[in-house]
Amino acid sequence: MSRPPNSSMVSRRGLVKNLAATAAAVSILRSVKSRAADLPHLDVKDPQAVAVGYVEDAAQVDAKKYKAFVKGSSCENCLLLQGSSGARYRPCNLFAGKLVSAAGWCSAWAAEI
């Protein structure tokens, strides 16, 4: 039995393919999320952190030293921060393989769009 070329019916084969692809995507996303939880926190004494003035609490930023600091800015509202909102420590595009404090700040801060 053949279907017309413009049929909107979903074939069993197509449905199975879509379900398999969805299951694979969910599995990959879960493994990425669990790996992020296993990452170490960025040490404020790490050379890369020191180079950009990273602090774990934006209230500790030396505003005289970092003229670009904007009151109210933090990793939480930075474009570079990744991961789930609400988590205290999350991945940052700037510090690969490490988690930063969402309450922190560094001179690479970029406003979320």
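Starting from residues that are outside any loop (DSSP other than H, G, I, E, B) and of a type outside the set (Asp, Glu), keep the ones in segment 59-83 and report whichever is most open to solvent (accessible area, probe 1.4 Å). Within segment 59-83, the match that is most open to solvent (accessible area, probe 1.4 Å) is GLN60. Within segment 84-113, the set of residues being part of a loop (DSSP other than H, G, I, E, B), under 15 Å from PRO40 (Cα atoms) and open to solvent by 40 Å² or more (accessible area, probe 1.4 Å) comprises ARG88, ASN93, LEU94, ALA96, GLY97, LYS98. When you look at VAL55, is it within 22 Å of the chain's Cα centre (by Cα), modelled with pLDDT of 95 or more and open to solvent by 60 Å² or more (accessible area, probe 1.4 Å), yes or no? Judged against the criteria, VAL55 is not a match.
Looking at ARG12, is it over 15 Å from GLY97 (Cα atoms), at pLDDT 60 or above, open to solvent by 70 Å² or more (accessible area, probe 1.4 Å) and not aromatic (Phe, Trp, Tyr)? Yes.
The values are calculated or read from the model by the stated rules, or taken from the named source; none is laboratory data. Predicted model, so just to flag it, every value in this text is computed and none were measured. With ligands, DNA and RNA removed, areas are computed over all heavy atoms of the protein, side chains included. Shrake-Rupley method; radii C 1.70, N 1.55, O 1.52, S 1.80 Å.
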